[in-house]
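*Asks:* Sharing a structure with you now.
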């Protein structure tokens, strides 16, 4: 039973609990009309201290499609945070009005701190370069839908692996499944952190900076952008931003059934010509994000939600 729990990082839920969420998401995809108005009278608070398009919109769309309501802020300056209010006081206040809250924050650990003061479930929608668990749920549902299994795959993660919270969360989640090989593709300055590598004691992995050499072996390619907002040095960002470009020429050497994922937004790391390739599933991935967040909201709100027959 997930009712009342918080989601701060992927391993807050067991593998079995994740499977329950994915099964529910599959049913929502199959028959979305069955879930109309099941959250009528429920309110979702969106506390976004950092800019977001897909994550915020998908959560709002998820709650609205379930028949619930949404309120919140999309930047810290439009809330009492600009007056110096603490995270603890903010979430205590929001708990008086909402049934569930979603928080994105530039500082690592902020959603976890909020959860300690909250009377309602708190969902981490991204905290600094740390974790992004609901993007991970999106990624896992996409992989499950196209590959039918998490196990027995070679996954390449390419781009900003140092600051990429989506990468950190996905590796952490996939490490709980069997026989997965990780290929970390990044320039030396943006290599995967050692604390993530240390969790892969039961999995094969290797690191490279060469996408062209790695791509023939991959079943899944997870592209990420070089994140300008994580750099303190503009010159360093400009030097690295065009390091990788996935185009049709590179895909000539990829498996016919490889899938290409991207948490979005993209900048210049995937050519638009790739969008027409059947292996490019990143826009479908974004849609899966709404469905899995619908399932997550339902699970966290629990048994007082009535689904139509």
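*Asks:* Looking at the range 264-276, which of its residues are in contact with a strand residue (DSSP E or B) (Cβ under 8 Å, 6 or more places away or on another chain) and either buried (at least 19 other Cβ atoms within 10 Å of the Cβ) or without any contact (Cβ under 8 Å) to a residue 40 or more places away in the chain (or both)?
*Replies:* 269, 270, 271, 274
*Asks:* Still on this structure, I have one more. Looking at the range 106-140, which of its residues are farther than 21 Å from residue 301 by Cα, modelled with pLDDT under 95 and crowded, with 24+ Cβ neighbours inside 10 Å?
*Replies:* 127, 131
Listed here are the residues, each with its yes/no results for (1) in contact with a helix residue (DSSP H, G or I) (Cβ under 7 Å, 6 or more places away or on another chain); (2) surrounded by fewer than 21 Cβ atoms within 10 Å (Cβ to Cβ); (3) part of a helix (DSSP H, G or I).
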position	(1), (2), (3)
11	yes, yes, yes
92	yes, yes, yes
98	no, no, no
102	yes, no, no
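*Asks:* Here's a follow-up. Going by the conditions given, is residue 279 in the same structural domain as residue 21 (by TED's automatic domain parsing), modelled with pLDDT of 95 or more and either touching a strand residue (DSSP E or B) at 6+ places or on another chain (Cβ under 9 Å) or within 23 Å of residue 144 (Cβ to Cβ) (or both)?
*Replies:* When the stated conditions are applied, residue 279 does not pass them.
Table: residues versus (1) over 17 Å from residue 262 (Cβ atoms); (2) out of contact with any helix residue (DSSP H, G or I) (no Cβ under 6 Å at 6 or more places or on another chain); (3) modelled with pLDDT of 90 or more.
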| site | (1), (2), (3) |
| --- | --- |
| 159 | no, yes, yes |
| 177 | yes, yes, yes |
| 183 | no, no, yes |
| 204 | yes, yes, yes |
| 208 | yes, no, yes |
| 225 | no, yes, no |
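*Asks:* Tell me the helices (runs of 4 or more DSSP H) entirely within the range 109-195 that contain at least 3 residues that are without any contact (Cβ under 8 Å) to a residue 40 or more places away in the chain and outside the structural domain of residue 54 (by TED's automatic domain parsing).
*Replies:* Ranges flagged: 165-174.
For (1) surrounded by fewer than 20 Cβ atoms within 10 Å (Cβ to Cβ); (2) modelled with pLDDT under 95, each residue gets a yes or a no:
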| residue | (1), (2) |
| --- | --- |
| 27 | yes, no |
| 33 | yes, yes |
| 45 | no, no |
| 69 | yes, no |
| 81 | yes, yes |
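*Asks:* Working only within the range 13-41, note down all residues that are over 22 Å from residue 132 (Cβ atoms) and in a loop (DSSP other than H, G, I, E, B).
*Replies:* Within the range 13-41, 31, 36, 37, 38, 39, 40, 41 qualify.
The values are calculated or read from the model by the stated rules, or taken from the named source; none is laboratory data. For clarity, every value in this text was computed on a predicted model and none was experimentally measured. Cβ coordinates were reconstructed from backbone atoms using ideal geometry, including for glycine residues, and neighbour counts include every protein chain displayed.
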